[in-house]
Ligand SMILES: NC(=O)c1ccc[n+]([C@@H]2O[C@H](COP(=O)([O-])OP(=O)(O)OC[C@H]3O[C@@H](n4cnc5c(N)ncnc54)[C@H](OP(=O)(O)O)[C@@H]3O)[C@@H](O)[C@H]2O)c1
């Protein structure tokens, strides 16, 4: 079986997905920016790995080249991201450029670099959007628009790459992660944020891994492409008033 490459492998979702895919017998190539964490995870899930920086496109292409040792690629995951919470009036040009590089352009470079390998290996692409792509929240102009562009990339690339490569995305709401750690450090803030979700809690990495692994699986998800799946505790589509809570 060809390898699946996970960019952002040392993040909460990336590492949980690496463990799930390893348990499922999927061979892996991990890409991350912290060599010590990357190497420890690679040992745990018997993976090869590349260091990369999402701000450096050549390191992204190099990680793809490292991953494909001749048999093509079975999957590509871009689980890299950041939370930049500032109103438009406070965003600098470099804030905007960095947010788009990390969340969108890097994913595009990874996908472009991997297309030929994914075609050979009959692979699937999985990207991560956000609840903020389709729902407006204060201070989310940069991240909301970068993630909305990811959703545009999913449908456009799904059309271009069909029928050889499937392209899908998961759109999370707030979940435990490195990027959200500052928001969750305050218990009162954490409780208030959890209460904005109809299912009454914030997410964990494990909330995403089963669906992510399914979408990457060409046998089980072989007729699913161009889709964005909300995994968000109901935040994007469900309202629960106080009478609705038992
Ligand atoms: N968690 C949420 O609340 C949430 C909400 C909406 C969308 N999402 C999306 O879900 C995906 C997975 O996020 P997560 O929850 O796993 O968050 P996370 O734990 O913060 O992981 C983010 C990953 O991005 C990596 N990263 C950040 N800047 C990088 C750079 N310059 N070069 C290379 N890697 C870089 C981090 O590397 P290090 O491991 O070295 O720090 C980490 O692996 C992301 O696309 C995110 O935007 C998450």
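Residue pairs whose Cβ atoms lie under 7 Å apart, sitting 6 or more positions apart in sequence or on different chains, and linking a residue in the stretch 202-229 that is farther than 19 Å from residue 132 by Cα to a partner that is modelled with pLDDT under 95 and more than 16 Å from the ligand (Cβ to nearest atom), are 218/122. Whenever a residue of the stretch 104-131 is free of Cβ contacts under 8 Å to residues at least 40 places away in the same chain, it has no partner that is away from the ligand (no atom under 16 Å from the Cβ) and part of a helix (DSSP H, G or I) lying with C-beta atoms less than 8 angstrom away and at least six residues away or across chains.
Going residue by residue through the stretch 175-182, is there one that turns out to be within 13 Å of the ligand (Cβ to nearest atom), at pLDDT 95 or above, under 13 Å from residue 11 (Cβ atoms) and part of a strand (DSSP E or B)? The answer is yes; a qualifying residue exists.
Out of all the residues in the stretch 115-136, which are surrounded by fewer than 24 Cβ atoms within 10 Å (Cβ to Cβ), in a loop (DSSP other than H, G, I, E, B) and at pLDDT 95 or above? Result: 134, 135, 136. Go through the stretch 23-41 and give me each residue that's out of contact with any helix residue (DSSP H, G or I) (no Cβ under 8 Å at 6 or more places or on another chain), more than 7 Å from the ligand (Cβ to nearest atom), touching a residue at least 12 places away in the same chain (Cβ under 8 Å) and not in a loop (DSSP other than H, G, I, E, B). 35, 38, listed by residue number. Looking across 165, 143, one residue alone is surrounded by 22 or more Cβ atoms within 10 Å (Cβ to Cβ) and more than 10 Å from the ligand (Cβ to nearest atom). It is 165. Within the stretch 2-18, residues that are within 20 Å of residue 176 (Cβ to Cβ) and without any contact (Cβ under 8 Å) to a residue 40 or more places away in the chain reach partners that are in a helix (DSSP H, G or I) and within 7 Å of the ligand (Cβ to nearest atom) with beta carbons closer than 9 Å, at six or more positions or on different chains, in the pairs 10/37. List pairs: first in the stretch 164-189 and on the phi < 0 side of the Ramachandran plot, second away from the ligand (no atom under 14 Å from the Cβ) and assigned to a strand (DSSP E or B), Cβ under 6 Å, 6+ apart or cross-chain? Listed pairs, sorted by first residue: 166/124; 168/227. Of all the residues in the stretch 190-215, those that are surrounded by 15 or more Cβ atoms within 10 Å (Cβ to Cβ), within 12 Å of the ligand (Cβ to nearest atom) and in a loop (DSSP other than H, G, I, E, B) number 3.
If the condition is being within 13 Å of the ligand (Cβ to nearest atom), part of a helix (DSSP H, G or I) and touching a helix residue (DSSP H, G or I) at 6+ places or on another chain (Cβ under 7 Å), then the stretch 62-114 contributes 99, 100, 103, 104, 106, 107, 109, 110. Looking only at the stretch 46-61, residues that are in contact with a helix residue (DSSP H, G or I) (Cβ under 6 Å, 6 or more places away or on another chain), surrounded by fewer than 18 Cβ atoms within 10 Å (Cβ to Cβ) and in a loop (DSSP other than H, G, I, E, B) come to 2 in all.
The values are calculated or read from the model by the stated rules, or taken from the named source; none is laboratory data. Here the structure is a predicted model, which is why all the values come from computation and not from measurement. Using ideal geometry, Cβ is built from the backbone for each residue, glycine included, and neighbour counts are taken over all protein chains shown.
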